[in-house]
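See structure below.
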Amino acid sequence: MHVRTEPVADDRVDDGGNGDDEVLLSWWQHPVNVIGLLVAMALIAGMVGWLVADVGNDSSAGEVDIGFLHDMRAHHEQAAQMSYMFLALSDTDPGLRTVARSIITGQNIDVGRMIQLLRDFGAPEAAETEEAMAWMGMPVPFGEMPGMATEAELDAFGATSGAAANERFVELMVAHHEGGMHMAEQAAAEAEEQEVRDFAAAILTSQGDEIGELERLVD
């Protein structure tokens, strides 16, 4: 017995009057289209990831750039440490205390900038070796970089006060800055990245100015 069917919706068509109805799927329901869409999305995602990675690695930073940033970060951190120590000592010169606060602020800002540059270059934020200054052809342990105070010198400094503390702070910081300037001078001339060269040149200027101020205050 033939059963009469109701009129079909727009997505059903008669196949020529034989009584069999065919369902037409929307484009997004068709398996072939779905598979094609997924493949296209995967290709697009892969291309975007490649472009992002390529942009992030678009850097000419070399051994000098990375080595300088690693070494100067450690150098700056000790300058901030000595300045904190000086501020904790008693009966010290107000003018020198102002310079010490300025050093803490400036060195910490520089450290933040160095960390960001290292991230931009795809390099570790800190050196993964105990050796410093290899980029200068002068490999030494970090604690033996020019201007770095020894543990014994820091201990002795921490036991001072008054005029002795003032004089020792200036001696240690001037030597420290001069050592940092030695590294910055070479980086300003030899770094691959212009931003690193400019940064090193700025350190030369700022630390030279601080040396003059320290020496003036202790005289």
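What follows is calculated from the coordinates using simple rules that are stated; it is not laboratory data. Source: prediction; values computed, not measured. Here the Cβ is made from the backbone with ideal geometry for all residues, glycine too, and neighbour counts use every protein chain on show.
Things worth noting here:
- If the condition is being surrounded by 14 or more Cβ atoms within 10 Å (Cβ to Cβ) and either touching a strand residue (DSSP E or B) at 6+ places or on another chain (Cβ under 6 Å) or not in a loop (DSSP other than H, G, I, E, B) (or both), then segment 109-130 contributes 110, 111, 113, 114, 115, 117, 118, 120.
- Hey, residue 147 assigned to a helix (DSSP H, G or I) and in contact with a His (Cβ under 6 Å, 6 or more places away or on another chain) or not: no
- The residues of segment 189-208 that are surrounded by fewer than 20 Cβ atoms within 10 Å (Cβ to Cβ) and under 16 Å from residue 110 (Cα atoms), listed by number, are 195, 197, 198, 201, 202, 204, 205, 206, 208.
- Within segment 160-188, being farther than 25 Å from residue 134 by Cβ, surrounded by 14 or more Cβ atoms within 10 Å (Cβ to Cβ) and of a type in the set (A, V, I, L, M, F, W, C) holds for 164, 165, 169, 170, 172, 173, 174.
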